[in-house]
């Protein structure tokens, strides 16, 4: 399973200072667990959270789940220590809070290298301020370690003086800028959290809207939302059936030397085949995670 093609349908934030939550994460069907050192951890509990996260990752038991440590912003008193910890924590990635420019990413990378981080450790970037939106391309291309952009729509709404509406029109420009940057540089991109845990229908609608926008998955704040996110962001059976059919048809056409391919009267081009291959590969990886 390559890092760039891992399923990231459901990405659950878990407080790093809560050992019961970290233990529970081993049995949850989330694709990704973000062990949080930032918002979910009180100032006096930062070091305790590092110790608990380190022990949890070292103990293992998370299977194929991707493990990410969210650090405090570099400008805070905890940022540097968080980077030193994350460098050799055994996590798959660290999620940098409040990224607003390429220099922040590069400073973090230098600190990781100095602390002995493996080359496989990816940097994910929280995109949660107006400056981050305006500099999305520079952030996405700041380092080969950058693997994912994560929308922080709660903080962004505050800075924009915008409201959370069902159509998310106040965020369309921001989402578009980050989506363009992520796809231009081959990165994953994750939708922001949905705040109303009592609104199940609203959450599922938000997931479907996120899928339409092009997100790979959704960040979550409660385990009860994992099932819907996994279902919505997974390829459905109709998509997979069509994808498998055009992959087979394309292979047969190539062997016969045919340049034009029609399936059920629809013109199929190389770009359609590439997307079909991506969907089928993703479905196979999801099944592997469930078995594991």
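Residue 41 meets each of the listed conditions (1) within 29 Å of residue 289 (Cα to Cα); (2) crowded, with 22+ Cβ neighbours inside 10 Å apart from (1). Just one of the listed residues (45, 56, 40) is at pLDDT below 95 and within 25 Å of residue 79 (Cα to Cα), namely 40.
Look through the stretch 1-20, keep the residues that are at pLDDT 95 or above and part of a helix (DSSP H, G or I), and return whichever of them is surrounded by the fewest Cβ atoms within 10 Å (Cβ to Cβ).
20
On the stretch given as the stretch 276-292, residues that are within 19 Å of the chain's Cα centre (by Cα) and modelled with pLDDT of 80 or more total 9. The residue of the stretch 77-91 that is surrounded by the most Cβ atoms within 10 Å (Cβ to Cβ), among those that are touching a helix residue (DSSP H, G or I) at 6+ places or on another chain (Cβ under 7 Å) and either assigned to a loop (DSSP other than H, G, I, E, B) or without any contact (Cβ under 8 Å) to a residue 24 or more places away in the chain (or both), is 91. When residue 140 is tested against the conditions (1) surrounded by fewer than 22 Cβ atoms within 10 Å (Cβ to Cβ); (2) under 23 Å from residue 278 (Cβ atoms), the lone failure is (1). Look through the stretch 118-137, keep the residues that are touching a helix residue (DSSP H, G or I) at 6+ places or on another chain (Cβ under 8 Å) and loosely packed, with under 15 Cβ neighbours inside 10 Å, and return whichever of them is nearest to residue 177 (Cα to Cα). Residue satisfying both the conditions and the ranking: 134.
Yes/no matrix, rows are residues, columns are (1) under 15 Å from the mean Cα position of the chain (by Cα); (2) closer than 25 Å to residue 203 by Cα:
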{"position": "109", "(1), (2)": "no, no"}
{"position": "113", "(1), (2)": "no, no"}
{"position": "117", "(1), (2)": "no, no"}
{"position": "121", "(1), (2)": "yes, no"}
{"position": "131", "(1), (2)": "no, no"}
{"position": "147", "(1), (2)": "yes, no"}
{"position": "161", "(1), (2)": "no, yes"}
{"position": "179", "(1), (2)": "yes, yes"}
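Selection over the stretch 52-76 of residues that are assigned to a loop (DSSP other than H, G, I, E, B) and in contact (Cβ under 8 Å) with a residue 40 or more places away in the chain gives a count of 3.
The values are calculated or read from the model by the stated rules, or taken from the named source; none is laboratory data. Predicted, not measured: the structure shown is a model, and the values here were computed from it. Note that each Cβ is placed from the backbone with ideal geometry, even for glycine, and that neighbours are counted across all protein chains shown.
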